[in-house]
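K.L.:
Could you have a look at this structure, given as structure tokens, before my questions?
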Amino acid sequence: MNKSLIGDSMSRVDGRLKVTGQAKYSGEYKLPGLAYGVLVPATITKGTITAIDVKAAKRTPGVIEVITPFNFAGLPGFKPDAAQPVRGLKLFNDKSVSFNGQPIALVVAESFEKATYAASLVRATYQEEAFETDFHKNREKGVTPQGGKYKDYLRGEANAYKKAPVVVEQEYLQPSEMHNPMELHVTIASWEGEDKLTVYTKSQGVVSTQRTFSNAFGIKPENVQVNSRFVGGAFGSSLRTWPHEIAAAYAARLVRRPVKVTLTREQMFTLVGYRPFTIQKIGLGATADGKLLGITHESYSQTATYEEFTENSVNCSRFLYDAANCNTLYKVVPLHVGVPAPMRGPGEATGSFALESALDELSYALKMDPIQLRLKNYAERDPERNLPWSSKYLRECYELGAERIGWENRSPRPGSQKEGEWLVGYGIGCGAFGAYRGRALAKIKIMADGSVNIQSATSDIGPGTGTAMTLIASDLLGVPAGKITFELGNSAFPMAPTQGGSSTVSSVGSAVHDACMAIRQKFAALDGQSAEGPLDYVALLQKHSLPYLELTEESQSSEQAKNYSMYSFSAHFAKVHVHPLTGVVKVMRLVAVVDAGRIVSHKTAASQMIGGAVGGIGMVLTEEAIFDDKYGRYVNGNFADYHVPVNADIHQIEAIFIDKPDRYINPLGTKGIGEISLIGVAASVTNAIYNATGKRVRELPVTPDKLI
Amino acid sequence: MKPFQYMRPTDTPAAIRVKGKEAGAYFLAGGTNLVDLMKMGVVAPEKLVDINRLPLRGIEVVGGGLRIGALATNSEVADHPYVLEHYPLLSMAINAGASPQLRNMATTGGNLLQRTRCSYFFDPTMPCNKRVPGSGCGAIDGINRMHAIFGASEKCIAVNPSDMSVALRALDAVVRVSGPAGERSIAMEDFHRLPGEQPELDNTLQKGELITAVELPAPVFTKNVHYLKIRDRTSYAFALVSVAAALDLDGSRGIRGVRLAMGGVAHKPWRLGAAEEFLKGKTVTEDNFRQAAQIAMQGAKGYSYNQFKLRMAPNAILQALKTAAAIV
Ligand SMILES: Cc1cc2nc3c(=O)[nH]c(=O)nc-3n(C[C@H](O)[C@H](O)[C@H](O)COP(=O)(O)OP(=O)(O)OC[C@H]3O[C@@H](n4cnc5c(N)ncnc54)[C@H](O)[C@@H]3O)c2cc1C
């Protein structure tokens, strides 16, 4: 093979479709006879629905049906004794209300507008009960989650930090943060007969969605086809199948027409998860020269009363730095709120904000450079599992990032540097995220004209999956990218895992790799030649009078995960300006240096990094979903009052890749970047703000009021 | 939203007639505020009287001043060469509001009449005396981070969200209206009102009255002006606190004239009369500005979540004056 294409900077294979409006998203399928469903939200926070008056709604012209708990016929997967019960909220299955905004009815009508109007006429009466949404008040009611995974962790001595010569002990607050992808959550469901269902939905995993529908309706998985070819961002909000998706299919079967349910932006604040409100305590103890003696990390995180949500917010403290003593505790606090969901950098983003902030505080207490402090406690192997790393180039990340941001310009004395009216500060924040690889299948077919088709039931929520897979195939087959089509987002394709946990290139890329290698063998075998050198597929097919060759390969998760600890690592460097009078913060530069193994597709990987950094800026500076605990409702549940960053908030962002292959995880040597692009950003910015001002903000987001 | 009738008259008297007669009739201009409120169920008009065909779009130099038609869009006004040169403060204030897309739709009249962004007003399931008189104020004991520190009442602590209005207030604009009883002029000072016992009334317009224009007096503050808006993100967010500062300086940095008004702090654009008095005749110094900012804060009162405005507001006044006077 000639020059390796892997690592090239190819533009997105679907870029043209996207910018010309030709990419067809799930909500855009105009099925014949399509009806529209609109959900009616509960306006109480806890209680029981005693009656729902749907008369006015049903009288409205164009209304087809109103589904409520009073006429809901049930579903096989909603039964407690179901073999595969649907998890989480079972919409309309009973009359209880567990959070404000929980749907209590679905109005189906001839148009979205008619359904919306009729929905406004549905009147419910409730038996209200006392509720709890106030995290602070209920923190002590936190419980250790079920199952062993989240039990308290201890290495060495508990709370050893307290006895150290230099101690930092602080609490950090992460408010609830919404995924808010640009594309609204939407599902179109269409039945053929009683047991064959086609779904177009916003999904990060068409196969798991297929399984959930099959479980819910008690039909064979192969009778459910789930399509999600293009996804306008998801960030974790489409990792699971939500109640409104099942409701769309229920309604479609009831009215015997395809039904589309689109959530409003306001409904997306309550029905599709969020990064949960979390308070963390970090204790760090060190010797006077900066050797960590103990790390303690306790985390209390919000969940729903009707379903337990958990994430790994304390885990980074166990392995990121070398400390003989470490203990962690993780508890969830059930409140009358909608259930959270994994959000980009789930758990670790929240955890690293706390850990990396505390480490920065320790560096000032020690009068030690924050990078030196990290180097002093560099973990040469994983102290949690006591295993070697499969690969780790975090030291190189520090070095490259420091050089690029101009770390030598940082003053160790907070508040001592100015550019014009603006205070200047520099900060660092690090992140790690497990490098995963799961079972995945890919089918490859090489046609007589030399064109290549590859299929796998993976998703592309934005990272450029199709582009990366095309590059891999092009490289391994020696076929130009233009002759390769990679198809995804259809549950009828060979199985692939849900797109999450930064694992798609690792899992699906490995399957594509294996499929390409296998088909090379197959071609080579036609003529008994070696698969090592270049192959002329067209000539071989012609010679053997074959229309095409095809095969499906299955790739498994890495055996080596038992022997090595596998993580991606990142070091984020921020340079901020803070206005001393107005408290306004500008993140002038962010440099993200990433050890994510080999980078398959540089251009889309850099876009991922920039997107993650923007998400991190939102997390640290602007985003917070605010509850009024008197009513149990959000007061800013809309795009005007909940602030995602806008272009004017974003200055210079640079992504740098170490780009060294990991030898153990998969044949490509890739780890993953989706999550670490965000993990660590928040602390890099708050640490830079401290460096600029001497003000330590431990409650996100850092709005101007917190700095004046 | 509730079904409604729609009409689009082409002459002003017809529009006024319909609006004056029918209780459920609303004027529709750019629709960027009214349509949102309809979607949220905050207002439910029986009839929309679309005024976009009325001849109220022009921006004209009249006498020494400027007459801005009620339908001139925020973008047209902000980008108008005469405004940029002679009333730069107005241009800055408008451009500090909303987003380009919204400013392209939003009109001068609609901007003056946009309703508060108080979350309790916007959410029909919550109590709000402004939306439903007598239902109570959700904000006063609730999340009142965005709320008033001046001139609030027990009934309402909401703020007027307009940036444009703050500059108009500083520049002593006059609102021209036409109604069933004829035409009249309302000084900006008297146009918006404090909530008092009747927070449902944002302004002093009478039933059926249509804003036809906004008039600006002859330009004075053409050079040393600044509109400072502090907000939770750099663009497309309402003010935590904003300040319109205009200085008329003589050759030796003496302050011949000064105008100061604030947004995000009261139910109406808040003019800082006492601070202006203090500065008139003084010279440009940071210390004078600092003292003026302190004077401006007399009578301010914070609530549980907006105490920070008591610190932020004087800082903002100081910073706006410094920038207007070009001292760093
Ligand atoms: C997300 C968002 C962010 C925003 N951010 C800001 C901001 O930061 N700063 C800011 O200042 N504004 C902001 N705005 C508000 C925006 O400026 C207003 O919505 C706009 O100015 C209203 O003008 P309009 O012509 O669209 O009014 P409409 O919505 O058409 O009308 C508003 C009201 O005025 C009445 N009306 C309109 N014209 C007349 C007239 N000539 N005579 C009598 N009555 C009339 C209508 O009946 C209605 O009650 C924002 C809006 C949105 C949606």
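Each row is one residue, and each column tells you yes or no for (1) within 25 Å of the chain's Cα centre (by Cα); (2) at pLDDT 95 or above; (3) among the β-branched types (Val, Ile, Thr).
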position: A:142; (1), (2), (3): yes, yes, no
position: A:149; (1), (2), (3): yes, no, no
position: A:172; (1), (2), (3): yes, yes, no
position: A:187; (1), (2), (3): yes, yes, yes
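K.L.:
While we're here: Keeping to segment B:184-225, report how many residues are open to solvent by 50 Å² or more (accessible area, probe 1.4 Å), among the hydrophobic types (A, V, I, L, M, F, W, C) and away from the ligand (no atom under 16 Å from the Cβ).
P.N.:
Count: 3.
K.L.:
Can you spot a residue in segment A:152-165 that is open to solvent by less than 40 Å² (accessible area, probe 1.4 Å) and of a type in the set (A, V, I, L, M, F, W, C)?
P.N.:
Checked against the condition, which is being open to solvent by less than 40 Å² (accessible area, probe 1.4 Å) and of a type in the set (A, V, I, L, M, F, W, C), segment A:152-165 yields at least one hit.
K.L.:
Among the listed residues B:289, B:238, identify the single one that is within 14 Å of chain A (Cβ to nearest Cβ) and open to solvent by 40 Å² or more (accessible area, probe 1.4 Å). I'd like the intermediate steps shown before the answer.
P.N.:
Details: B:289 fails: open to solvent by 40 Å² or more (accessible area, probe 1.4 Å).
After ruling out the rest, the residue left standing is B:238.
K.L.:
Hey, among the residues in segment B:96-122 that are of a type in the set (A, V, I, L, M, F, W, C) and more than 14 Å from chain A (Cβ to nearest Cβ), which one's most open to solvent (accessible area, probe 1.4 Å)? First the steps, then the outcome.
P.N.:
Filtering segment B:96-122 down to residues of a type in the set (A, V, I, L, M, F, W, C) leaves B:96, B:98, B:102, B:105-106, B:112-113, B:118, B:121-122.
With more than 14 Å from chain A (Cβ to nearest Cβ) added as a condition, the list becomes B:105, B:112-113.
Numbers: B:105: 106, B:112: 2, B:113: 62 Å².
It comes out as B:105.
K.L.:
Among the numbered conditions (1) within 23 Å of residue B:94 (Cβ to Cβ); (2) open to solvent by 50 Å² or more (accessible area, probe 1.4 Å); (3) of a type in the set (Gly, Ala, Ser), tell me where residue B:181 comes up short.
P.N.:
(1)
K.L.:
Let me ask you something else. Within segment B:63-168, which helices (runs of 4 or more DSSP H) (wholly inside it) include 1 or more residues that are within 13 Å of the ligand (Cβ to nearest atom)?
P.N.:
On the way: elements: B:74-79, B:81-86, B:88-95, B:100-105, B:108-113, B:119-122.
Per the criteria, B:74-79, B:88-95, B:100-105, B:108-113, B:119-122.
K.L.:
Please pick out the residue among B:304, B:252 that is of a type outside the set (Asp, Glu), within 14 Å of chain A (Cβ to nearest Cβ) and surrounded by fewer than 16 Cβ atoms within 10 Å (Cβ to Cβ). Break it down into steps so the answer makes sense when it comes.
P.N.:
Working: B:252 fails: within 14 Å of chain A (Cβ to nearest Cβ).
Going through B:304, B:252 in turn, the sole match is B:304.
K.L.:
On to the next question. Take the residues in segment B:232-259 that are within 14 Å of the ligand (Cβ to nearest atom) and in a loop (DSSP other than H, G, I, E, B), then tell me which one is nearest to residue B:99 (Cα to Cα).
P.N.:
My answer is B:236.
K.L.:
Any residue in segment B:22-33 that's within 6 Å of the ligand (Cβ to nearest atom): show its pairings with residues that are open to solvent by 40 Å² or more (accessible area, probe 1.4 Å) at Cβ separation under 6 Å, as long as the two are six or more apart or on different chains.
P.N.:
Note: pairs meeting the criteria are B:30/B:105; B:32/B:102; B:32/B:105.
K.L.:
Of the numbered conditions (1) of a type in the set (Gly, Ala, Ser); (2) surrounded by fewer than 18 Cβ atoms within 10 Å (Cβ to Cβ); (3) more than 14 Å from every other protein chain (Cβ to nearest Cβ); (4) within 16 Å of the ligand (Cβ to nearest atom), residue B:263 satisfies every one except a single condition; which is it?
P.N.:
(2) is the only condition that residue B:263 fails.
K.L.:
Could you list, in sequence order, the residues of segment A:645-678 that are within 16 Å of the ligand (Cβ to nearest atom) and crowded, with 20+ Cβ neighbours inside 10 Å? Write out each step before concluding.
P.N.:
Our first condition is that a residue be within 16 Å of the ligand (Cβ to nearest atom); within segment A:645-678, this holds for A:645-649.
Across segment A:645-678, the qualifying residues are A:645, A:649.
K.L.:
State whether the residues of segment B:226-234 include one that is of a type in the set (S, T, N, Q) and open to solvent by 20 Å² or more (accessible area, probe 1.4 Å). Break it down stepwise before answering.
P.N.:
Initially, segment B:226-234 is screened for residues of a type in the set (S, T, N, Q), giving B:234.
Keeping just the survivors that are open to solvent by 20 Å² or more (accessible area, probe 1.4 Å) gives B:234.
Yes, because at least one residue in segment B:226-234 is of a type in the set (S, T, N, Q) and open to solvent by 20 Å² or more (accessible area, probe 1.4 Å).
K.L.:
How about segment A:484-502: which of its residues are in contact with a Ser or Thr (Cβ under 6 Å, 6 or more places away or on another chain) and closer than 17 Å to residue A:199 by Cα? Spell out how you get there, then give the answer.
P.N.:
First pass over segment A:484-502, keeping only residues in contact with a Ser or Thr (Cβ under 6 Å, 6 or more places away or on another chain): A:484, A:486, A:488-489, A:493-494, A:496-499.
Result: A:488, A:489, A:493, A:498.
The values are calculated or read from the model by the stated rules, or taken from the named source; none is laboratory data. Note that this is a predicted model, so its numbers are computed, not measured. When we count neighbours, we look across all protein chains shown, and the Cβ atoms used for this are built from the backbone with ideal geometry, even at glycine. Note: accessible area is taken over every heavy atom of the protein model, side chains too, but ligands, DNA and RNA are not part of it. Shrake-Rupley method; radii C 1.70, N 1.55, O 1.52, S 1.80 Å.
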